[in-house]
Each structure stands twice: as C-alpha cells, then as structure tokens.
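Okay, structure first, notes after.
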Amino acid sequence: MKFSDYLDFHPDVEEAIKNGEPIVALESTIISHGMPYPKNIETAMMVEETVRSNKAVPATIAIINGRLKVGLTHEEIEFLATNDEVRKVSRRDLAITVSQKQSGSTTVAATMIIAKLAEIAVFATGGIGGVHRGAEKTLDISADLEELANTNVCVVCAGAKAILDIGLTLEYLETKGVPVIGYKTTELPAFYSSESGFDVDYKIDSALEIAEILRTKWSLGIDGGVLVTNPIPVGYELESSIMNEAINQAIIEAEKEHITGKKITPFLLSKVSEITEGKSLDANIKLIQNNANLAAKIALHYSKQD
Ligand code: PSU
Ligand code: MN
C-alpha cells in the first residue's frame, strides 16, 4: 500500500490541489477535546469560513473509520464534536487508529503528519502542546514539539498556553532548530495574553515574508516546521493575574485527581474555562479566528511562489 491509499480528500480540497489554490490545514483535537459542545462545532465552522473569506480552502484533518480525512463534511465535524468515543490521536496513535479502522481527532503533531502527506504547507491552530510545568519530574513534553522539529509544515498559533512552561518550551524548540517567528511582535505571545516575558527569535511583519522564509528553508533542505506566533487581538486579552490564578488552581486539581498523559491538556483546558466562567473559551475562539486569517494569507503567498 502507498500512503495515498489511506488518504481521502474532501472534493473542495481536491479541486484546490488541482488548481494550485491555497489550502490551510486545521486540527480536530480542539473540536473533540479542546472545547465543549456546541461551541466546538460553531468554532470549527467559523474557522473554516474565516479561511474561505481569505480566498483559501480549509482542510480540517481527522481520522474517520480508519481513513485519513483531509477536509471534513459538516456531518464529520458534528461526529467529532459530539462523540465521546473519538480518540485523541497524536503521532504514536496514528497507525494504530488507522489499522483498527477507528476514528480520532488529530493533535497538532498528527495534523502536521497528515498535512505533510497531503502536501499542505500551512496549518492554523489555537495553541500548541509544549513542555509542561514540572516536566523536570514528569517528563511531560508534548509530541507536538518533536513534530515541529521534523515535519515540514508551518504552524500558526497564538503562542504557548501558560499551562505550559513557556521558557522550557522555547529552549526545546531552539535545541531542535525550530524557527519561532513573532507576527508583528518581538515578544512570544502567551495565548490568552499578548505578553509572556519571553522574546521570539524574529519579528516578521508580513505574511509574504513568512511565505518566503518557508520556501527558502525547505528549498535548502532544512527539514522541520516553522512556528508562527500571532498575538491575540487587542481587546480580547484576559488579565494575566486572573489567568495565572485559574491555571494554578487547575494544575492543583489535576494533581489531586492524578490526571496524567494525554488527558492532562484537555483536563486543564476545561478546568480553566470552568474557573473563568467561559471567558477563556471566548478568548480561545477569537484567537483561533485570528490565526486562521493569518494562515490563509501565508498560504496565499506560498501558493503563488510555486
Ligand atoms: N492547546 C490548546 N488547545 C488545544 C490543544 C493544545 O490551547 O486544543 C490540543 C492540541 O490539539 C495540541 C494538543 O496538539 O492539545 C496537545 O496535547 P498533548 O499536550 O497531550 O500533546
Ligand atoms: Mn503530554
């Protein structure tokens, strides 16, 4: 079997590939494990629409009955949004889920793998996984970072969430040679806030320039991803003292309930949302839209370089 035997393209994505149109990959763990129903489905549809409004084609990625789906139907998005049995699939889970003909939503890592197979260069998400606080004891480092080290996809995110150790996450990316670009910012954004206290490697102010960097990196045979960090729009930031308080409380609860492994990120996300009475969720939705906008613009310039 060839890898292409495992892939199913949505007709819109197939058409876009044929015509050399820009495509933006979107992840699906955020739908099944990152947000509650019905906001998850509303957000997934809104993000796709945002990509379309920029004249690019959205390709939300997931695994349905063992098929690698590049672009989902409304029914498939609804299935992921409402079904508790849907697996959270990262790199280690991918082959098993396909082989067993099961369904799963894809993390940043797994979405990058499938985007690469489908030759999609640009991917928008909310936040990436990273080095967790306390990782010196738990060794909890998201497979997203290793994927960024190896897989040639540009990931547009709003920085790293403060549930992570942001400094260690940046160190890991540096070791692995992943360029971290700040879009119109010198400071790494921290998801709910535009400030983290850490600098990015490079401030780049235009989508065109980012597209040129991607082309240059991969033309030179320097494999691996590029992380573009895009600050949450002005007016939607949450106060960092409130957020830190909520995150600390969520981490204490996770420890009390002995939550570990792949369950920890979804647990912390939902606890933080609960503690902030949904304010973090609203911010999350806004920043994903902002990232989809930028990713579409990068994809547009990238597609013109072919
Ligand atoms: N961070 C967020 N929202 C998310 C995730 C991370 O702010 O929904 C999801 C992404 O799919 C990411 C995954 O790839 O969690 C990371 O999980 P882990 O830490 O188990 O690798
Ligand atoms: Mn982990």
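Pairing residues of segment 281-296 that are within 20 Å of GLU21 (Cβ to Cβ) with residues that are among the hydrophobic types (A, V, I, L, M, F, W, C) and assigned to a helix (DSSP H, G or I), at Cβ distances under 8 Å and at least 6 apart in sequence or on separate chains, gives ALA292/VAL47; ALA292/VAL51; LEU294/ALA207; ALA295/VAL51; ALA296/VAL51.
Name the residue that is farthest from ligand 1 (Cβ to nearest atom), counting only residues in segment 63-88 that are among the charged types (D, E, K, R) and either in contact (Cβ under 8 Å) with a residue 40 or more places away in the chain or out of contact with any strand residue (DSSP E or B) (no Cβ under 9 Å at 6 or more places or on another chain) (or both). Filtering segment 63-88 for residues that are among the charged types (D, E, K, R) and either in contact (Cβ under 8 Å) with a residue 40 or more places away in the chain or out of contact with any strand residue (DSSP E or B) (no Cβ under 9 Å at 6 or more places or on another chain) (or both), the one farthest from ligand 1 (Cβ to nearest atom) comes out as GLU75.
Residues are listed down the side, and each one gets a yes or a no for (1) within 12 Å of ligand 1 (Cβ to nearest atom); (2) basic (Lys, Arg); (3) touching a Leu at 6+ places or on another chain (Cβ under 6 Å):
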{"position": "SER193", "(1), (2), (3)": "no, no, no"}
{"position": "VAL200", "(1), (2), (3)": "no, no, yes"}
{"position": "ILE213", "(1), (2), (3)": "no, no, no"}
{"position": "TRP218", "(1), (2), (3)": "no, no, no"}
{"position": "GLU239", "(1), (2), (3)": "no, no, no"}
{"position": "ASN244", "(1), (2), (3)": "no, no, no"}
{"position": "GLU257", "(1), (2), (3)": "no, no, no"}
{"position": "ILE288", "(1), (2), (3)": "yes, no, no"}
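Of all the listed residues (LEU238, LEU269), the sole one being of a type in the set (A, V, I, L, M), touching a residue at least 40 places away in the same chain (Cβ under 8 Å), assigned to a helix (DSSP H, G or I) and under 30 Å from ALA207 (Cβ atoms) is LEU269. If you check SER280 against the conditions, is it over 15 Å from the mean Cα position of the chain (by Cα), assigned to a helix (DSSP H, G or I) and crowded, with 22+ Cβ neighbours inside 10 Å? Here the answer is yes, as SER280 does meet what is asked. Among what's in segment 186-215 and is among the aliphatic types (A, V, I, L, M) and outside any helix (DSSP H, G or I), pick the residue that is surrounded by the fewest Cβ atoms within 10 Å (Cβ to Cβ). Going through the qualifying residues, I end up with ILE204.
For segment 116-147, filtering for residues that are aliphatic (A, V, I, L, M) and within 13 Å of ligand 1 (Cβ to nearest atom) leaves 8. Kindly indicate whether any position in segment 157-168 is surrounded by fewer than 22 Cβ atoms within 10 Å (Cβ to Cβ), within 27 Å of GLY71 (Cα to Cα), modelled with pLDDT of 95 or more and more than 15 Å from the chain's Cα centre (by Cα). No - not one qualifying residue is present in segment 157-168. Whether a residue is crowded, with 24+ Cβ neighbours inside 10 Å and closer than 23 Å to GLU212 by Cα was assessed, and ILE61 does not pass this test. Going by what's in this entry, would VAL89 be described as crowded, with 18+ Cβ neighbours inside 10 Å, at pLDDT 95 or above and closer than 25 Å to ALA190 by Cβ? No; evaluated as a whole, the condition is false for this residue. With respect to VAL156, determine if the residue is within 22 Å of HIS33 (Cα to Cα), more than 16 Å from ligand 2 (Cβ to nearest atom) and out of contact with any Cys (no Cβ under 8 Å at 6 or more places or on another chain). Against the criterion (within 22 Å of HIS33 (Cα to Cα), more than 16 Å from ligand 2 (Cβ to nearest atom) and out of contact with any Cys (no Cβ under 8 Å at 6 or more places or on another chain)), VAL156 qualifies. Listed conditions (1) assigned to a strand (DSSP E or B); (2) farther than 22 Å from VAL156 by Cα are all met by ILE63, apart from (2). Condition (residue is at positive phi and more than 16 Å from ligand 2 (Cβ to nearest atom)) applied to segment 226-242: is it met by at least one residue? There is at least one residue in segment 226-242 that is at positive phi and more than 16 Å from ligand 2 (Cβ to nearest atom).
The values are calculated or read from the model by the stated rules, or taken from the named source; none is laboratory data. Remember, it's a predicted structure, so these values are computed and weren't measured experimentally. Reconstructed Cβ throughout: ideal geometry from the backbone, glycine too, with neighbour counts over all protein chains shown.
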